[in-house]
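Please read the structure below before turning to the comments.
The values are calculated or read from the model by the stated rules, or taken from the named source; none is laboratory data. Please read these numbers as outputs of a predicted model, since none were measured by experiment. Because the Cβ atoms are built from the backbone with ideal geometry, glycine has one as well, and the counts that use them run over all protein chains shown. What goes into the accessible areas is simple: the full protein's heavy atoms, side chains included, and nothing from ligands, DNA or RNA. Shrake-Rupley method; radii C 1.70, N 1.55, O 1.52, S 1.80 Å.
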Amino acid sequence: MDSNGNNSVEDVARSLDAFFSSSSSSSPPSSAPRPVPLDIADGLTLLSPPTAAGPTLNWGILGAGRVSHDFVQALKALPQARVVAVGASTLPKAEAFASTHKIPGAHGSYEALARDPNVQIVYVGTLHAFHKEHALLALEAGKHVLVEKPVACRAEDGVVMVARAREKELLFLEGMWTRFFPVVEMARYLISSGAIGRVVALHADFGFNSSDSEGYPDSPFFNHALGGGGLLFVGVYPISMAPLCFGSRMPTKIAAAGVVDTQTEVDLSGGVVLEYEGGRGGGGWQY
Ligand SMILES: NC(=O)C1=CN([C@@H]2O[C@H](COP(=O)(O)OP(=O)(O)OC[C@H]3O[C@@H](n4cnc5c(N)ncnc54)[C@H](OP(=O)(O)O)[C@@H]3O)[C@@H](O)[C@H]2O)C=CC1
Ligand SMILES: O=C1OC[C@@H](O)[C@H](O)[C@H]1O
């Protein structure tokens, strides 16, 4: 550590070695206690290390759209995950999805999927304007829920879902996949261990050229009523990095600005600056 209290390059390198040796399955676990990342200490994320062999979980897929396809494709890599049913707005849609992915059950309504006794956990893959309705449907039926990002269009809807899951003692998780990237795990570890000192600024961004994949103006990305716009589709990614750096406390100030499309009224790009106690903060999104 230098005279200003900052860690030297060697300190950081030692932390990285400790991290890799304790997370590698081929090395014996390090005896040094692992620091608890901020989001876990604050109760935002539960500490439950991934295990290769866990109990088999029966998944039901709610919504047969684009990302549901990707999600089911990804689940195939997990031996303990079994997709037992899909529910869509129409039966033909559910059947086509089931046939593509060799899923045994197909339901022509979300209610029927939620009631399916074979389903233990529901993945909600509909557009975010419907997440609250569909997640509550599954929770009321006693199913655990993994809901696509963003968990909701309005903070108060997220609060209702979390409260209901707690009352029912069910798992409720937002599918914020970036949170589980190895590089993000590493960043969380480095922050918690103090290896990079006190974090005073965060700059995070996420942008993509929507004209490559999204039809303008018909795609949901440009549909205000369906929760379209850059903030809800991709702005949530950089913003989700803030609690990892600064904890679950609310920012003391939020300033935001963006460019709104005059035809569709969705935000095409934008930025947000979050200020936390002690003048720490950061933000930004674009698409
Ligand atoms: N994790 C990730 O990498 C990504 C996550 N997402 C998130 O996933 C969610 C779904 O996105 P995506 O798959 O691209 O969306 P889709 O446009 O494919 O729609 C998903 C499903 O929502 C339902 N739906 C679509 N349009 C309407 C409508 N007008 N009225 C009622 N229901 C409708 C349909 O369900 P049904 O099949 O039952 O008819 C559809 O299949 C979003 O919340 C998005 O933010 C998106 C991209 C990547
Ligand atoms: O959530 C998302 O929305 C936009 C996509 O391009 C991006 O890959 C995805 O993560």
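Checked against (1) open to solvent by less than 70 Å² (accessible area, probe 1.4 Å); (2) away from ligand 2 (no atom under 16 Å from the Cβ); (3) in contact with a strand residue (DSSP E or B) (Cβ under 7 Å, 6 or more places away or on another chain), L137 passes all but condition (3).
Taking the stretch 1-110 as the region of interest, the helices (runs of 4 or more DSSP H) fully inside it that hold 1 or more residues being of a type in the set (S, T, N, Q) and at pLDDT below 70 are 9-23. Of the set (1) away from ligand 1 (no atom under 12 Å from the Cβ); (2) open to solvent by less than 40 Å² (accessible area, probe 1.4 Å); (3) farther than 17 Å from R166 by Cα; (4) of a type outside the set (D, E), all apply to V124 but (1). Scanning the stretch 134-170 for residues that are part of a strand (DSSP E or B) and without any contact (Cβ under 8 Å) to a residue 24 or more places away in the chain yields no hits at all. Just one residue in the set S219, S248, S210 is within 12 Å of ligand 1 (Cβ to nearest atom), under 21 Å from the mean Cα position of the chain (by Cα), in the same structural domain as Y276 (by TED's automatic domain parsing) and open to solvent by less than 80 Å² (accessible area, probe 1.4 Å); that residue is S210. When only residues in the stretch 171-189 that are touching a residue at least 24 places away in the same chain (Cβ under 8 Å) and aromatic (F, W, Y) count, which is nearest to S240 (Cα to Cα)? Here the answer is W177. If only residues of the stretch 222-245 that are open to solvent by 50 Å² or more (accessible area, probe 1.4 Å) and touching a Ser or Thr at 6+ places or on another chain (Cβ under 9 Å) are counted, the one that is farthest from ligand 1 (Cβ to nearest atom) is H224. Of the residues that sit in the stretch 177-228 and are of a type in the set (A, V, I, L, M) and in a loop (DSSP other than H, G, I, E, B), which one is nearest to A152 (Cα to Cα)? Per the stated criteria, the residue is A204. Does A74 count as surrounded by fewer than 14 Cβ atoms within 10 Å (Cβ to Cβ) and of a type in the set (A, V, I, L, M)? It is true that A74 is surrounded by fewer than 14 Cβ atoms within 10 Å (Cβ to Cβ) and of a type in the set (A, V, I, L, M). For the stretch 166-176, check the following and say yes or no: at least one residue is in contact with a helix residue (DSSP H, G or I) (Cβ under 7 Å, 6 or more places away or on another chain), within 14 Å of ligand 2 (Cβ to nearest atom) and at negative phi. Yes, that holds for at least one residue.
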